[in-house]
Each structure stands twice: as structure tokens, then as C-alpha cells.
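Input: a single structure, listed below in C-alpha cells.
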């Protein structure tokens, strides 16, 4: 089975929103028009975007990469990965690791000095997945939510 990875396009929005419903089932979903607007806004940040992994004509995995400008580290940006999701029917095939690898490669192409991601999961399998994808759990994360 071949996985094709590329940046999401406005025509992908409905399928992407359906996949996100599996990430956070209780979340209110954006309208298609609002989601397209957000995707176009994200694309204005060089190196940033929503990566989608496609098998046949189905989006089966996705993650968002944001390349953040920086005033330290000689002005080199850093990357933040968010909204990592693989459809449950397509898990355990390496697709999640492949899309994360592509996101990291894209960040390096944008001269990022590091790439970060956070997970709220404490599930050992989820943490092992991120470690197997090349991430190390070596910082303490904090957040505040509205």
C-alpha cells in the first residue's frame, strides 16, 4: 500500500475535517469555508502547512507543521507539530511515523533548529510511537487553556 504525502489543499478540507472528528470527537468542527480560510492563513507562514497522507483517494493521516520565526538561535526558526492523527483503520502500518518524518524534513528544509510536539496522552503505546518516530521526551511542557 502506497502512502502519498503532500500539503493539504482547499479541496481536501471536507475529508480532513472528517479525520479530525476522530482526533477529538467532542470538538466543534469548523465550517468548510472557515476551514479553508484557516488553511490559507497557515500557508502564509513559510514552511508551515497541514500535511496529509493519502492512500488511493482517502486521507488516512495528517499533522500540522508551524514554522515559527525566532529572535534567538541566530534567527533560526523552530517547528511545532500539532494535530497528529491517523484514522484507526489505517494504524500500525507506519503511516503516522512517515508523516511525522516528512514534517521534520520540511522543518529542516526551513532551517529550523528544533522541532517540538506535545501530547496530552499518557498511554505508553502513544509515547512509544512518538519515541519510535524520533522524538525524545526531554523537556517539561506547560500550557494554559481558555
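Brief remarks on what is shown
- Residue that is nearest to residue 105 (Cα to Cα), among those in region 43-55 that are surrounded by fewer than 17 Cβ atoms within 10 Å (Cβ to Cβ) and modelled with pLDDT under 95: 46
- For region 1-33, a residue qualifies if it is in a loop (DSSP other than H, G, I, E, B) and surrounded by fewer than 11 Cβ atoms within 10 Å (Cβ to Cβ), and the qualifying residues are 1, 2, 25, 26, 27, 28, 31.
- Close Cβ contacts (under 7 Å, 6 or more residues apart or on different chains) running from residues in region 88-115 that are closer than 18 Å to residue 78 by Cβ to residues that are in a helix (DSSP H, G or I) comprise 113/73; 115/104; 115/107.
- Selection count, region 103-122, where residues are under 12 Å from residue 47 (Cα atoms) and either part of a loop (DSSP other than H, G, I, E, B) or within 11 Å of the chain's Cα centre (by Cα) (or both): 5
- Residue match in region 59-68 (condition: surrounded by fewer than 19 Cβ atoms within 10 Å (Cβ to Cβ), more than 18 Å from residue 20 (Cβ to Cβ) and in contact with a helix residue (DSSP H, G or I) (Cβ under 8 Å, 6 or more places away or on another chain)): no
The values are calculated or read from the model by the stated rules, or taken from the named source; none is laboratory data. Given the structure is predicted, the values throughout are model-derived calculations rather than measurements. Cβ: placed from backbone, ideal geometry, glycine included. Neighbour counts: every protein chain shown.
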